[in-house]
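Heads up, the thing below is written out as structure tokens.
The values are calculated or read from the model by the stated rules, or taken from the named source; none is laboratory data. Please read these numbers as outputs of a predicted model, since none were measured by experiment. Neighbour counts run over all protein chains shown; Cβ positions are idealised from the backbone, glycine included. Surface areas here come from the heavy atoms of the whole protein model, side chains and all, with no ligands, DNA or RNA. Shrake-Rupley method; radii C 1.70, N 1.55, O 1.52, S 1.80 Å.
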Amino acid sequence: VLDALALLLPRLDAVTRGDWLLYGAPPAAELAQSLAGLALYVLLLAAAGLFDISRRNL
Amino acid sequence: VIRLFGAIAERPLAAVPGWILGLLAAALAAQIAWQLARRAEAPLRCRSSACTIGPSAASCQPRRNAALARLAMLWLQAFDSRGDNAIPYRGSITRAWSLAGRDSGHRSAQRLPLFAAARVYARNEDPEKARRMYEFVFAEFSRDPNRRWPALAHVALLAKHRLHDLPLARRYAAAIQRQTTDPTVPGWQGRWRSSSSKT
């Protein structure tokens, strides 16, 4: 169950790393990859929101 | 009542525009595919049985040691930095270092203890303790010269300018020159030889 949930949630640990503060910023490629994962999650949230609103009888 | 309320409050699935369904399905598929592709980088769920038995034990152990080493370093620094500590730098940096598993290849966990040894503990007012820390950094340097030379370089500077022990500083500089093979490591020995001949 946890593994299935992990597939749906974003990897926030990948964008809040303590070693960036201690040992310097990550390479641009690594940062872009983490941010792309978050952008994908925002897209999923937006699509779910649209789906939910369009089913509401307002 | 709930069923009736639900039926009134929600439109049927057919009322949802096709492009929204398509977007939701595509976003869901993309999210799952992305998470599956990056699964190898995700933190391990280290169950106790997996850590002691089975093939995954080897991959769990260094991570656990690295976490322990970081905790030990945090404790040590908090202990030494607190206001009511009458004898600073009494904690054992070597113990924290041994927890980092000095030859385990877990390099990110090793950086902080060696950094602290060179930058904090080697500045001890007691020359004897400072020398012990220099020798500790020197001994650990020779295990991985190409990565650990900055710590020894700093210690060489301390030996020269704080202890005014030029032969010791040159011994460290010569070790950096001799043992490192990385071409990006700066040449220390030649410059120090010329500076010592001037003084």
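So that you can scan it fast, the table gives a plain yes or no per residue for (1) more than 30 Å from B:PHE115 (Cα to Cα); (2) facing another protein chain (nearest Cβ under 9 Å); (3) within 11 Å of the chain's Cα centre (by Cα):
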position	(1), (2), (3)
A:LEU8	yes, yes, yes
A:ARG17	no, no, no
A:LEU21	no, no, no
A:ALA36	yes, yes, yes
A:GLY49	yes, no, no
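Of the helices (runs of 4 or more DSSP H) lying entirely inside chain A, the ones with 1 or more residues being under 24 Å from B:ARG70 (Cβ atoms) and open to solvent by 60 Å² or more (accessible area, probe 1.4 Å) are found at A:18-23, A:28-55. Summed over region A:15-36, the residues that are of a type in the set (A, V, I, L, M) and within 12 Å of B:GLN35 (Cα to Cα) give a count of 1.
Could you list, ordered by first residue, the pairs with Cβ atoms under 6 Å in which the first is in region B:9-27 and over 22 Å from A:PRO10 (Cβ atoms) and at the interface with chain A (Cβ under 7 Å from one of its Cβ atoms) and the second is open to solvent by 60 Å² or more (accessible area, probe 1.4 Å) and of a type outside the set (A, V, I, L, M), at least 6 apart or interchain? Matching pairs, first to second residue: B:ALA9/A:ASN57; B:ARG11/A:ASN57. Only one of the numbered conditions (1) touching a residue at least 40 places away in the same chain (Cβ under 8 Å); (2) of a type outside the set (D, E, K, R); (3) surrounded by fewer than 19 Cβ atoms within 10 Å (Cβ to Cβ) is not met by B:PHE136, and that is (3). Against the conditions (1) modelled with pLDDT of 75 or more; (2) over 29 Å from B:ALA67 (Cα atoms); (3) not in a helix (DSSP H, G or I), B:ARG143 satisfies every one except (2).
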